[in-house]
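Single-structure report; data block below.
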Amino acid sequence: MLEAKDLKSNDEIAWCPGCGNFGILNALKQAMVQLGREPKDILLVSGIGQAAKLPHYIKCNCFNGLHGRALPVATAAKLANRQLTVLVTTGDGDCYGEGGNHFIHAVRRNPDITVIVHDNQIYGLTKGQASPTTDPGFVTKFQPSGVVLEPLHSLQMAIVLGAGFVARGYSTEKDHLSWLILEGIKHRGFSLIDVLQPCVTFNRKNTHEWYAERVYKVNDDGSYPSGDKAAALHKAAEWGDRIPIGILYQMQKKSYEENIGLYDRIPLVEEPIENTDISGILKEFI
Amino acid sequence: MAHERTIKIAGEAGQGMQTIGLALCKIFKDAGYYLYANQDYMSRIRGGNNVFQLRIADKPVYAPRKNADITIALDRLSVDCHKDSVSPDGVIILDRDRFAVTEENILFRHIPMYAMAKEIGGSELFVNSLACGVLTGMTGIEYHGVREVLKRTFAGKKEEIVEKNLQAAEAGYIFAKTHFKQNHFTIKSVNAKESLLMNGNEAIALGAIAAGCKFYSAYPMTPSTSIMNVMAHYAKDFNIVVEQAEDEIAAINMVIGASFAGVRSMTGTSGGGFALMTEGLSLAGMTETPIVVVDAQRPAPATGLPTRTEQGDLDFLLHAGHGDFVRAIFSPGTIEEAFYGTIKAFDLSEKFQIPVLIMTDQHLADSYVNIDIFDLKRIKIQRHIISKEDSGLVKDYKRYQFTESGVSPRALPSWINEVFYADSDEHTEEGHITESSHVRTMMVEKRFYKKAAGLSKETENPKTFNIQGADCVLIGFGSTYGVLKEVCELSANRSVGHIHLPQVWPFPVAEVTGLLKNAKKTIVVENNAGAQLSKLIRRETGIKVDTSLLQYDGKPFNLDYLLEQIEKE
Ligand SMILES: Cc1ncc(C[n+]2csc(CCOP(=O)(O)OP(=O)(O)O)c2C)c(N)n1
Ligand code: SF4
């Protein structure tokens, strides 16, 4: 049996003490223990940012690529070897800013991957600029008069684009978050888990205390209809005094791999290629 | 009897010229001729002036001529566009009634194409089949061959439509036989042996399939798009996934992801798309992920001339991406080089775990030549990865282990029992992020110097022709191969040699230096304004070539123009 300590990597963790990223890391480890797959069959893909360093702190396969580009890498790795459980760990800047176009199209494509967005509403690694999800009015060195842009409503956007699994987690709610991650992995297709993650260094507004007062769980009493798009959009829009966490929308549909018939064949990576015979094709050119 | 003829079909986009041009290629090929065909088309779907040009001969030919012997004009504009490029005894076939041409001109031969097409098929759409009949009638092809090819061309269409096309072709054929001077354009056929007819992009796609490419991802961009189409056409038969990415950035990152997971992967684009891919190219260099990228060049900067040709991306490909990393760049000059070169590109990319670029251009991409059937026995695929069976035995795996060659053993995730890390940040042998100067230095030496040393031993040698004692030596890369070869063969008054570079990077320094050292006069011929190859030769060998012959009007060099220029030099 896999235990949490088996997932410990030797890499020194380079996050600030008290950072919300630790909660996400622990929740992810817990989810992996429960998942019961071997680390060698799990692939974590990330871009660049504090959040994107996470794969180094856990003993699974890791591809740590470029800022904003985790989704195309993860999508294709899954296509190449569908036996891998593929997760993406990314930041709000990484996923919704630099990688915004990939986000839109990954949702449309619906590959069987699980995307965990560490949403600290700030650019951590580059020292505190606003991110696409920063609350309006938030003051930074780069936005001295406060952010004037409308925040990007990623959960609503994902629902509207047709994502089949849209959830919000909170890094301090470890058990709840690990449950969300497990459900996301089990969901066949693109799963988005946007995680509220306090950045104790650069985001002095959306702090642990701020969230503790506001966060509530939607799925606990079983009354919340998670397959109702209109209700989900309404729920996803809630932000301020009360912030819902949980599975906001879920609808099973065919994944990209299913749609292109990949499950009917051997994984691409297992295809023997040494003797690919194209003589049949050549006849068409004679 | 003439040894070669050039035929042109000109008309608007949307008149089905490509279909009929290709049918003509097949007809001539089946009848035993050698042929070369190229297309000149505008960046629009309807209207404009597009040309399909064919050169048929009794020996192999590789390049366009300046003038056509027979031009068949499917619209009025084509008459004006092509009047000035008719050979001395050539003609223009046109429909005087339809185009309302009253002007007398000794070049003009009238055929009421549109009225005939309408009468036979009930629609003017059959005019291109009729044109096909006219051209074959004039050049002395047996009608039977025409019929057979057209039947194949229109196979899949309704019986009635096929029949009408055949009737239109036959009417054109008979018209030509009875109205135009017999035998004037007939050329002798040599019964060329069984051959393949394909263009450069098809050869690249087939090379990729033969090399075991299982993932192709791209964003459409002329003139690379047809590679994607061919890959998609055969995807089911070979279990290949072909993905239309949301942009070129996604395309190259997908290719990297698939390759990381263990699958041979390729992408293709043109200059503007390649510009977007440079970030990913660096990622492949840093993470040591093998990928193959095709740049089908078109004239630029920016979006340039979307459907025309140029060799202006050499400098860019040599330097694309930030930081020091190793790459190989192939520059195929023939359909064969495109095919075998692509296979070798996959091999080198896996052997050295590097990105390999294939630089082609619209001219090679869209030109058809009949060539010897590929020798599939020549293809040896080596994976350079730890096999699934051996993977079980791997212990203490380090993705970036330091080795003599700079190449670390490559395992695949989930095949080995351990996990591993790949990283775009500078990393340790284990793949973890590091800022250690010592490790950094060692990694650069591994990725850059050591791999470069191994790679340079595997560069394709320059191809040479007649360089011993030649009065002048022509040097080129990529698609100028054919025209330079023919210039050498046809230069009457002087002895002209040719050096062709099928791979421009790593630059074959010793070979080129040796070849150029004793050359009397050296002329680099290239399709760009910056004399990019001349400068590369100078940079790498210290040799300054005597002359650069440059062309940057969007067209390939034609044989006659180049012959004249070389005579003058
Ligand atoms: C192409 C590119 N542009 C910019 C950067 C610099 N950069 C690194 S991380 C980052 C922002 C990260 O923000 P976010 O994704 O929210 O992650 P966090 O650090 O907050 O976890 C930026 C702009 C980069 N590495 N690459
Ligand atoms: S800067 Fe913010 S996000 Fe980054 S480690 Fe520190 S607390 Fe966490």
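The values are calculated or read from the model by the stated rules, or taken from the named source; none is laboratory data. Treat the numbers as computed from the prediction; the structure is a model and nothing was measured. Positions of Cβ are backbone-derived with ideal geometry, glycine not excepted, and every protein chain shown enters the neighbour counts. Side chains included, ligands, DNA and RNA excluded: accessible areas come from the protein's heavy atoms. Shrake-Rupley method; radii C 1.70, N 1.55, O 1.52, S 1.80 Å.
Does anything in region B:65-81 have its amide N under 20 Å from the 7 Å Cα→Cβ label point of B:K181, and if so which residues? Flagged as within label range: B:67-73. Out of region A:174-214, which trypsin sites (Lys or Arg not before Pro) are coil in DSSP terms and have no more than 15 other C-beta atoms within 10 Å? Taking region A:174-214 and a limit of 15 other Cβ atoms within 10 Å, the loop trypsin sites (Lys or Arg not before Pro) found are A:R204, A:K205. Computed with a 1.4 Å probe over protein heavy atoms only, the accessible surface of the protein assembly as shown comes to 38 Å² per residue.
Please report, in debye to the nearest 20, how large the charge dipole of region B:211-272 is about its Cα centre when each Lys and Arg carries +1 at its beta carbon and each Asp and Glu carries -1 there. Don't skip to the answer; put the middle values down first.
Numbers: 3 positive and 5 negative charges, 51 e Å.
Taking the Cα centre of region B:211-272 as origin, the dipole is about 240 debye.
The alpha carbon centroids of region B:11-75 and region B:111-188 are separated by 16 Å.
For the pair A and B, how large is the buried accessible area, both sides, in square angstrom to the nearest 100, if the probe is 1.4 Å? Let's see the in-between values first.
Details: alone 13870 and 23410 Å², together 32260 Å².
About 5000 Å² of accessible surface is lost on pairing.
Enumerate the residues in region B:382-424 having an amide nitrogen under 19 Å from the point lying 7 Å beyond the Cα of B:E458 toward its Cβ. Residues passing the 19 Å test: B:382-387, B:400-412. Computed over the Cα atoms of the protein assembly as shown, the ratio of the radius of gyration to the Kirkwood radius (Rg/Rh) comes to 1.04. Could you estimate the translational diffusion coefficient of chain B from the Stokes-Einstein equation, with Rh from the Kirkwood formula over C-alpha pairs, at 10 °C and 1.306 mPa s, in whole µm²/s? Diffusion coefficient, whole number: 63 µm²/s.
When a 1.4 Å probe is rolled over the protein heavy atoms, the share of accessible surface on region B:127-189 that falls to carbon and sulfur comes to 52 percent. Here the label points at B:D553 and B:S43, each 7 Å from Cα along the C-beta direction, are separated by 2.0 nm in the simple model. Only aspartates and glutamates eight or more places from B:K188 in sequence, or on another chain, were considered; those with a Cα closer than 17 Å are B:E4, B:D30, B:D58, B:D69, B:E142.
Shielding of A:47-60 by partners, i.e. mean partner chain Cβ atoms within 10 Å per residue? Mean partner-chain Cβ count within 10 Å for A:47-60: 2.
With a Förster radius of 45 Å applied to the C-beta separation of B:E142 and B:F448, the computed FRET efficiency comes to 0.15. With both labels modelled 7 Å from their Cα along Cα-to-Cβ, the B:Q244 to B:L393 distance reads 4.7 nm.
The antiparallel fraction among DSSP beta bridges confined to chain A stands at about 15%. The residues neighbouring B:D546, those whose beta-carbon lies less than 10 Å from its own, together hold a net charge of +2 under the Lys/Arg +1, Asp/Glu -1 convention.
Here the dipole of the protein assembly as shown is about 620 debye; that uses its Cα centre as origin and unit charges on the Cβ of Lys and Arg (positive) and Asp and Glu (negative). Here region B:306-372 exposes an accessible surface that is 50 percent carbon and sulfur, computed with a 1.4 Å probe and the other protein chains kept in place. Convex hull of alpha carbon positions in region B:66-159: directionally averaged projected area 7.0 nm². Which part of region B:176-220 falls in the paramagnetic zone of B:L376, meaning amide N under 11 Å from the point 7 Å along Cα-to-beta-carbon? Under 11 Å, as judged by backbone N against the label point of B:L376, lie B:210 of region B:176-220. The alpha carbon centroids of region B:222-291 and region B:359-431 are separated by 15 Å.
In chain A, once you exclude exposed chymotrypsin sites (Phe, Trp or Tyr not before Pro) (DSSP loop, at most 14 other Cβ within 10 angstrom), what's the longest stretch remaining? Don't skip to the answer; put the middle values down first.
Values: sites that count: A:F142, A:W239.
Formally, the longest exposed-site-free interval is A:1-141.
Averaged over peptide B:262-270, the number of partner chain Cβ atoms lying within 10 Å of each residue's Cβ comes to 3. A straight Cα-to-Cα reach below 20 Å connects B:K118 with the aspartates and glutamates B:E12, B:D75, B:D95, B:D97, B:E159, B:E160, B:E163, B:E170, residues fewer than 8 places away in its own chain not being considered.
The chymotrypsin sites (Phe, Trp or Tyr not before Pro) of region B:407-484 include none that meets both conditions, a loop assignment by DSSP and at most 16 other Cβ atoms within 10 Å of the site Cβ. Could you please state, rounded to a whole Å, how far the C-alpha centre of region B:297-331 is from the C-alpha centre of region A:212-264? Cα centroid to Cα centroid, the span is 46 Å. Angle of helix B:248-260 to the longest C-alpha principal axis of chain B, folded into 0 to 90 degrees and rounded to 10: 50°.
Rounded to the nearest 10 degrees, the inclination of helix B:532-541 to the longest alpha-carbon principal axis of chain B is 40 degrees.
Temperature 25 °C, viscosity 0.890 mPa s: under these conditions the Stokes-Einstein estimate for chain A, based on its Kirkwood radius over C-alpha pairs, is 125 µm² per second. For A:I243, the amide hydrogen comes within under 5 Å of the amide hydrogens of A:V215, A:Y216, counting only partners 5 or more places away or on other chains and with H modelled in the peptide plane. Would you mind classifying region B:93-147 by shape? Square roots of the alpha carbon gyration tensor eigenvalues, ordered a ≥ b ≥ c; an a/c under 1.5 is rounded, otherwise it is prolate if a/b is larger than b/c and oblate if not. Cα axes put region B:93-147 in the oblate bin. Using only side-chain charges placed at the Cβ, +1 for Lys and Arg and -1 for Asp and Glu, the dipole size of region B:317-435 relative to its Cα centre rounds to 460 debye. Filter A:K217/A:K254; A:K5/A:K253; B:K457/B:K517; A:K5/A:K254 down to the pairs with a C-alpha to C-alpha distance above 25 Å, please. Distance filter (> 25 Å) returns A:K217/A:K254; A:K5/A:K253; A:K5/A:K254. Under 5 Å between amide hydrogens, built in the peptide plane, is the criterion, and for B:Q311 it picks out B:N527, B:N528 among residues at least 5 positions away or on other chains. Counting only other chain Cβ atoms within 10 Å of each residue's Cβ, the peptide A:80-91 averages 3.
The residue among B:Y368, B:M254, B:I141 whose Cα reaches farthest toward the positive pole of the charge dipole of chain B, with charges on the beta-carbon of Lys, Arg, Asp and Glu, is B:I141.
Taking R0 as 22 Å, what FRET efficiency do you get between B:V190 and A:I286 from their Cβ-Cβ distance, rounded to the nearest 0.05?
On the way: r = 18 Å, r/R0 = 0.80.
With R0 = 22 Å, the Cβ-Cβ based efficiency is 0.80.
What's the angle, to the nearest 10 degrees (0 to 90), between helix B:271-287's Cα axis and the longest principal axis of chain B? Helix B:271-287 sits roughly 20 degrees off the main axis of chain B. Taking θ as phi - 60° and the Karplus parameters 6.51, -1.76 and 1.60, the scalar couplings of region B:355-364 work out to x, 10, 9, 10, 9, 10, 8, 4, 4, 6 Hz in sequence order, x denoting glycine and proline. Taking each DSSP H run with n ≥ 4 as -39500 (n - 2.57) and averaging over every residue of the protein assembly as shown yields -10500 deg cm²/dmol at 222 nm.
Which order do the peptides B:6-15, A:274-283, B:549-558 take when ranked by the mean count of other beta-carbon atoms within 10 Å per residue, highest first? Walk me through the intermediate numbers first.
Values: B:6-15: 22.4, A:274-283: 13.3, B:549-558: 19.1.
So the order, starting with the most tightly packed, is B:6-15, B:549-558, A:274-283.
Here's the list of lysines a cross-link from B:K520 could span, going by alpha-carbon distance under 20 Å and ignoring same-chain residues fewer than 8 apart: B:K463, B:K485, B:K535, B:K544, B:K568.
For every other residue with a beta carbon closer than 13 angstrom to the beta carbon of B:A300, add +1 if it is Lys or Arg and -1 if Asp or Glu, then tell me the sum.
Working: positive: B:R298, B:R308; negative: B:D295, B:E310, B:D313, B:D315, B:D361.
After counting each charged neighbour, the total is -3.
The 3J(HN,Hα) values that the Karplus relation (6.51, -1.76, 1.60; θ = phi - 60°) gives for region B:330-342 are, in residue order, 8, 9, x, x, 9, 4, 5, 5, 5, 5, 5, x, 5 Hz. Gly and Pro appear as x. Among the trypsin sites (Lys or Arg not before Pro) within region B:84-163, those in coil by DSSP and having at most 10 neighbouring Cβ atoms inside 10 Å are B:K158.
With a Förster radius of 35 Å, plug the Cβ-Cβ distance of A:E38 and B:S436 into 1/(1 + (r/R0)^6) and report the FRET value to the nearest 0.05. Don't jump to the answer; show the numbers that get you there.
Details: r = 31 Å, r/R0 = 0.88.
In this case the efficiency is close to 0.70.
Overall form of region B:514-569: oblate. Here a/c, set by the Cα gyration tensor axes a ≥ b ≥ c, is 1.5 or more, and a/b is not larger than b/c.
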